[in-house]
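Inspection log for the structure reproduced underneath, given as structure tokens.
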Amino acid sequence: MRPSPSPAFDHGAALRVPPAHDGRSWTKLLYWLGADGHALDETGLVQVSTPNGWMVARPGDWIVLSVGGQFHVAHAGPRTLDA
């Protein structure tokens, strides 16, 4: 059997970044992240510690906790850049 060209995905848990106005879900998300995440501002951005450094997630993005205990950010949809 040939080895897989890419490593197997490390399945774990995931939470979606809620809209900025959803206080209950924000409390849950920030509790789950602990010291590995914090809200940036009132627009719903959250900064998450990942194996590749700190990443910013916005409402609608997924934050995945791998079985290995590391957070990863999966961006939902296209991201726009400011000029």
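Some observations on this one:
- Against the criterion of being at pLDDT 95 or above and either open to solvent by less than 40 Å² (accessible area, probe 1.4 Å) or touching a helix residue (DSSP H, G or I) at 6+ places or on another chain (Cβ under 9 Å) (or both), residue 48 qualifies.
- Tallying residues that are modelled with pLDDT of 90 or more and not in a helix (DSSP H, G or I) within the range 1-45 yields 15.
The values are calculated or read from the model by the stated rules, or taken from the named source; none is laboratory data. Computed from a predicted model, the values in this text were never measured in an experiment. Every residue, glycine as well, gets a Cβ built from its backbone with ideal geometry; the counts of neighbours run over all protein chains shown. Areas reflect the complete protein model, heavy atoms only, side chains present, ligands, DNA and RNA absent. Shrake-Rupley method; radii C 1.70, N 1.55, O 1.52, S 1.80 Å.
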